[in-house]
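Reading through the structure tokens given below for one structure.
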Amino acid sequence: MIQLADSTASTNPLLPSWPEFIIGTILFVLVFGALAKFLLPRAQQMLEQRTELIEGGLAKSKEAQAEAAGLLDQYNQQLADARREASRLRSLVRAAVAQHILGES
């Protein structure tokens, strides 16, 4: 019995037998080929769509930033105009008050 077990056992347990190695190689090539044919194009298409979506979002954000910068400049200009107008009105009021005070005395 020991002799029967020795004759059927391979010499190296890490190496598969030749029929098992050939079948495994053929199945690996078939599975790899099927994945490359069906899964890889879909994955590439999905990655291209995501890239386009991200680039479109970046373009929109740059446009929005440019618009915001323009609005900020417009706001600052209006604020400066309002401050000049307020300064002009304060000067007029001071002059009118001074005229009124000098007119009463």
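The values are calculated or read from the model by the stated rules, or taken from the named source; none is laboratory data. Note that the structure is predicted; figures quoted are calculated from it, not measured. Every residue, glycine as well, gets a Cβ built from its backbone with ideal geometry; the counts of neighbours run over all protein chains shown.
Kindly list the number of the only condition in (1) loosely packed, with under 10 Cβ neighbours inside 10 Å; (2) at pLDDT 95 or above that fails for residue 1.
Every condition holds for residue 1 apart from (2).
Test residue 69 against the stated conditions and say whether it is small (Gly, Ala, Ser), surrounded by 10 or more Cβ atoms within 10 Å (Cβ to Cβ) and under 21 Å from the mean Cα position of the chain (by Cα). Working first, answer last.
Details: small (Gly, Ala, Ser): yes; surrounded by 10 or more Cβ atoms within 10 Å (Cβ to Cβ): yes; under 21 Å from the mean Cα position of the chain (by Cα): no.
It is false that residue 69 is small (Gly, Ala, Ser), surrounded by 10 or more Cβ atoms within 10 Å (Cβ to Cβ) and under 21 Å from the mean Cα position of the chain (by Cα).
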